[in-house]
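These notes are about the structure you will find just below.
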Amino acid sequence: MKNIVIVGGGAGGLELATYLGNNLGKKQRANVVLVDRNQTHLWKPLLHEVATGVLDSETDAVSYRAHAHNHYFNFEQGSITRIDRTNKYVELAPVTGQEGDVLVVARRIPYDYLVIAIGSKSNDFNTKGVAENCIFLDSPNQALRFQHKMLELFLKFSENNALEEIGEDDSKQRLVQDGKVNIAIVGGGATGVELSAELFNAAQHLSSYGYGKIQSGHLQVTLIEAGDRILPALPERISSSVQQELENLGVTVKTGTMITEATEKCLITKEGEEINADLMVWAAGIRVSAITQQFDGLEVNRINQLNVKNTLQTTVDDSIFAIGDCAFLLQKDGKPVPPRGQAANQMATICGQNIVALFNNKPLKDFHYFDKGSLVSLSKFTALGNITTGKRSSLTIEGRLARLAYISLYRLHQQKLHGCFKTGLIILIGRLNRFIRPSLKLH
Ligand SMILES: Cc1cc2nc3c(=O)[nH]c(=O)nc-3n(C[C@H](O)[C@H](O)[C@H](O)COP(=O)(O)OP(=O)(O)OC[C@H]3O[C@@H](n4cnc5c(N)ncnc54)[C@H](O)[C@@H]3O)c2cc1C
């Protein structure tokens, strides 16, 4: 039996493993193995909601082991370190426990077909001090770290204000500068924009959960973008409407502002301006882990994406595919396929069909990216963006309809993983949870 190994169980990899498990694994035509460094999958576009506590990552996370059991594939926890293309195996680093003890030793997993789907992470462009002082939103752990720091800041602010009011101990200075909780976000893409809005939603909820002194007015969010407008991937009129909505909420939007350094207390711009912040998030640009440079001669570009052909096979090895953010493919118009959830979903579909075609000695299909549009959710306040209606036409939508279209991308992902019935049940449980649980995760 042939071995199909998929490394990375994200938006693309998990859908692919599910499809191949249901098609080839179930009929015992292939041994499908999914490798991921984590034990659970959480859809990445939800991370800004995890960061503000609006979403409890435990509720929406999918256990790889349970999912593998239900969909006829195997799961191996581990981080890929190397590929040997001559002997056709991937090498995984040892899995260590919380105390650093080795739980599972380094292993070699043989493959006949290999798919790399390890996604991407934020690109700090080697900016001084960013890695040490800013939080990235690339994984659930990082999002949770942000949430804990945010809650600590709000608690500090809330309690400190209380001390001032009862006039206790004059020497106690307000711990949070300017009488506001200052949060600075670098990167005016969807992540930065959505997180900015979500923070105001969180502040509103916190005031009703015992952080009594917190009002939206106590929150100072600065969104910093190096380009001349936020959301450069969207039409100009949408990005200016979004900027207006953010400013109405109270966000300070600074475009044309390049950050050259981050310190413990502030971000420093190219012009030397210091933007003070208690919490700093870096969400500008993407790059792929440099591990791809160890992939036995596979071609990579300057941000370590693997070069692929239209069939999604890597340019130098037909038995290795790459999909999602870690794949680099130019479209007919000369632009690369964008690093987005919908591109990862579409690539997973074509890659799955192509691997099945290889089993059936059928010709492979070319991948063509279809941009369904771009939507931005400004938390509960509004959503807006455009959806593609024809080859050259698109429709701008806003409000409830846009929110529905925005959520549908995640529902589609869930449907590919769990099927219609189970997705329906998950939606129902989500609704019920709204009555049972607080609207914000508070720990
Ligand atoms: C906060 C945020 C909001 C976003 N919002 C949107 C949005 O609204 N719409 C949209 O279209 N896109 C959005 N995106 C982008 C979208 O999430 C990505 O394009 C998509 O997740 C890419 O899918 P992928 O399968 O390539 O990688 P991922 O979904 O990132 O999955 C990669 C997987 O590989 C695993 N992995 C990584 N390295 C290794 C290794 N060395 N060994 C083993 N496993 C490894 C990871 O654990 C992960 O499970 C957002 C991204 C972020 C961060």
Within straight-line cross-link reach of Lys372, lysines at Cα separation under 24 Å, skipping those fewer than 8 residues along the same chain = Lys44, Lys121, Lys309, Lys332, Lys335, Lys380, Lys391, Lys416
note = Between Ser240 and Lys365, the two model label points (7 Å from Cα along the beta-carbon direction) sit apart by a distance in nm of 4.0 nm
ask   = Rounded to the nearest 5, what is the percent of antiparallel bridges among the DSSP beta bridges in the chain?
value = 50 percent
query = How much length is gained on full extension from Thr252 to Lys391, taking 0.36 nm per residue of separation minus their Cα-Cα distance?
reply = 46.4 nm
inquiry  = Whole-Hz ³J(HN,Hα) for each residue in segment 317-332, computed from phi via Karplus 6.51 cos²θ - 1.76 cosθ + 1.60 with θ = phi - 60°, x for glycine and proline: what do you get?
reply    = 8, 5, 8, 10, 10, 9, 9, x, 4, 8, 9, 10, 9, 8, 8, 4
remark   = Descending accessible area (1.4 Å probe), largest on the left, turns Lys270, Lys88 into Lys270, Lys88
key: Relative contact order %, the chain, counting alpha carbon pairs below 8 Å whose residues are six or more apart   = 17 percent
Gap separating the Cα centres of segment 230-278 and segment 361-400, nearest whole Å = 25 Å
key: Selected from Val221, Val105, Val95 as most flexible by GNM, with the chain as the system and alpha-carbon contacts under 10 Å   = Val105
message = What number comes out for accessible area per residue over the chain if the probe is 1.4 Å? Units Å², please.
response = 48 Å²
query = Rounded to the nearest 0.05, what FRET efficiency is calculated for Lys309 and Leu432 with R0 set to 45 Å and r the Cβ-Cβ distance?
reply = 0.45
query = Among Lys156, Lys128, Lys27, whose mean-square fluctuation peaks in a Gaussian network model of the chain (Cα, cutoff 10 Å)?
reply = Lys27
request  = Determine the shape class of segment 16-101: with a ≥ b ≥ c the square roots of the Cα gyration tensor eigenvalues, call it rounded for a/c under 1.5, and otherwise prolate if a/b is greater than b/c, oblate otherwise.
outcome  = oblate
Value of [θ]222 nm, deg cm²/dmol, for the chain, DSSP H segments ≥ 4, -39500 (n - 2.57) each, nearest 500 = -10500 deg cm²/dmol
remark   = Carbon plus sulfur, as percent of the 1.4 Å-probe accessible area of segment 374-436, comes to 64 percent
key: Tilt relative to the chain, helix 341-359 - C-alpha long axis, 0 to 90 degrees, to 10   = 10 degrees
remark   = Largest-first ranking of His41, His368 by accessible area, probe 1.4 Å, whole protein assembly kept, is His368, His41
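The values are calculated or read from the model by the stated rules, or taken from the named source; none is laboratory data. Note that the structure is a prediction, hence the values are computed from the model and not measured. A quick note on method: Cβ atoms are made from the backbone with ideal geometry, for glycine too, and the neighbour counts reach across all protein chains shown. Quick note on the areas: whole protein, heavy atoms, side chains included, nothing else; ligands and nucleic acids left out. Shrake-Rupley method; radii C 1.70, N 1.55, O 1.52, S 1.80 Å.
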